[in-house]
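Okay, so here's the structure we're looking at.
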Amino acid sequence: MANDTWLIAGLGNPGDKYAYTWHNCGFLAMELLADKCGISMDRTKFEGLYGKGKYKGKDIILLKPQTFMNNSGLSIAPMANFFKVDPSHIIVLYDDIDIAIGTIRVRSKGSAGTHNGMKSIIKCLGSQEFPRVRIGTGPVPEKWALIDYVLAEIPKDIRQTVYDSFEQAADATLKYITDNE
């Protein structure tokens, strides 16, 4: 798939119930990225909300899968195939409990770790050779079950720190695109 288009997917769960939970950090960062690029994600295809536009001359597609987190690959893989986007041009933004709150990490490839959304994407793409922007949400507090934590609302007293990391994630995504022409 020789195509210079970039597909950027932010992971999360659809619906008001999950809107401001830890697991929706990818969705929240994606909304900020869409604002920065002036792209409306108001189209639907392959069980996802998406929008198309340009960033510094590059074609970009922004996607929020509506499949629920654990099935994110069921939206991302068909979208990538339809628009002929190579895995090396698919950037995924998502929450990561193995990284401290307020921190982001950018990697050009890697495993899914414990993240079920990433496991789905890797399975559906048949590759883990795609870049990702990991948004720190950890560690899981003592006496919390992982599922309860990731589906809990981000506490108000640390929201600014977390939301600042969305800004960092959006900026890192755009930098990745320009640095990897």
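Looking across region 112-137 at every residue that is at pLDDT 95 or above and open to solvent by 50 Å² or more (accessible area, probe 1.4 Å), the one that is farthest from TRP22 (Cα to Cα) is identified as GLY126.
Within region 138-166, the set of residues being exposed (fewer than 10 other Cβ atoms within 10 Å of the Cβ) and in contact (Cβ under 8 Å) with a residue 60 or more places away in the chain is empty. Here ILE97 clears all of (1) in a strand (DSSP E or B); (2) of a type in the set (A, V, I, L, M); (3) over 17 Å from LEU33 (Cβ atoms); (4) open to solvent by less than 20 Å² (accessible area, probe 1.4 Å) except the condition numbered (4). Set side by side, the residues ASP16, ASP35, ASP4 differ, and just one is farther than 21 Å from ALA169 by Cα, charged (D, E, K, R) and out of contact with any strand residue (DSSP E or B) (no Cβ under 7 Å at 6 or more places or on another chain), which is ASP16.
When region 12-65 is filtered for residues that are part of a loop (DSSP other than H, G, I, E, B) and either touching a helix residue (DSSP H, G or I) at 6+ places or on another chain (Cβ under 9 Å) or crowded, with 16+ Cβ neighbours inside 10 Å (or both), the ones remaining, listed by number, are GLY12, ASN13, PRO14, ALA19, TYR20, ILE39, SER40, MET41, PHE46, GLU47, LYS56.
Scanning region 66-94 for residues that are closer than 19 Å to GLU31 by Cα and either in a strand (DSSP E or B) or open to solvent by less than 50 Å² (accessible area, probe 1.4 Å) (or both) turns up THR67, MET69, SER72, SER75, ILE76, MET79, ILE90, ILE91, VAL92, LEU93, TYR94.
The values are calculated or read from the model by the stated rules, or taken from the named source; none is laboratory data. All figures in this text were calculated on a predicted structure; none of them were measured in a lab. Neighbour counts run over all protein chains shown; Cβ positions are idealised from the backbone, glycine included. When the accessible area is computed, the model is the full protein with side chains, heavy atoms only, and any ligands, DNA or RNA have been set aside. Shrake-Rupley method; radii C 1.70, N 1.55, O 1.52, S 1.80 Å.
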